[in-house]
Amino acid sequence: MQPGTVMAQAIQTLAKKSPQYCNGKGLGFWPIPTLFPLLLTHTLLLLQTEISRLYLEHDPLAARLTHARTQFSKLSHEGDLGENHTELFLADHPEVRKLTPTVTEQLPFADFCRGMLALQDFAELCGAITDNEIGSVEEARALQDARIVVDGPYLQKHLVEEVEHAKAAEKINQIFLTSPYNDRFTSGIEKHRQLYLRACS
């Protein structure tokens, strides 16, 4: 099943199970907009650490992972790390600012964020993030349809930009799935889906 289908169906399940989040306040998607930039930064650090190690060992895999890093940097820069998506989300959903840490920990996607940030293998992280990016357009549409987020600048930016992010993520997939990191990368895809489905169940 394609990641977009998995994520969209999960959002639909969340909307049916917890209609209290279908009010445009953004609580049903928080804290992803504030923690995803941290996840991207964490992944980039671990990926570059592996690239540097490979170069020092004269391993030709270094060049392939550098191509993956270029695509990863593209989807990061034209998104959470190049623009302030956290600020856009907060502007569209001001009530999120009032949440206490205790309340935030009880929101559907809090455990998803914890699980993603707990991954320490760069290949798993790349698999998890590319799966998320490939499915993000359908995710955004599902969030809009369920009124979990409002149809404001944050959502509209995602509906436009995530198309290019998905293309960059597909290129990263091609590199990793034909590399010695294939099993670890695929494990990251599976872990992403498990965490996402658990958040919405």
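What the table shows:
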| item | result |
| --- | --- |
| log10 of Debye I(q)/I(0), alpha-carbon scatterers only, for the stretch 6-132 at 0.23 Å⁻¹ | -1.40 |
| Restraint check, K74/K98; K25/K191; K17/K74; K98/K171, Cα-Cα greater than 30 Å | K74/K98; K17/K74; K98/K171 |
| Percent carbon-and-sulfur accessible area, the stretch 60-179, ignoring ligands, DNA and RNA, probe 1.4 Å | 54 percent |
| Within the stretch 103-170: Cβ-based charge dipole about Cα centre, in debye rounded to nearest 20 (Lys, Arg +1; Asp, Glu -1) | 220 debye |
| Nearest-10 value in Å² for the accessible area of C22, using the 1.4 Å probe | 40 Å² |
| Inter-part distance where the stretch 186-201 and the stretch 15-84 are each reduced to a Cα centre, Å | 16 Å |
| Accessible area in square angstrom per residue, the stretch 97-201, 1.4 angstrom probe | 45 Å² |
| Estimated vicinal HN-Hα couplings, Hz - the stretch 118-125 in sequence order (Karplus 6.51, -1.76, 1.60; Gly, Pro = x) | 6, 5, 10, 8, 4, 6, 4, 4 |
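The values are calculated or read from the model by the stated rules, or taken from the named source; none is laboratory data. This structure is a prediction, so every number in the text was calculated from the model and none was measured. Quick reminder, even Gly has a Cβ in these numbers, built from the backbone with ideal geometry, and neighbours come from all protein chains shown. In case anyone asks, the SASA skips ligands and DNA or RNA and just uses the protein heavy atoms, side chains included. Shrake-Rupley method; radii C 1.70, N 1.55, O 1.52, S 1.80 Å.
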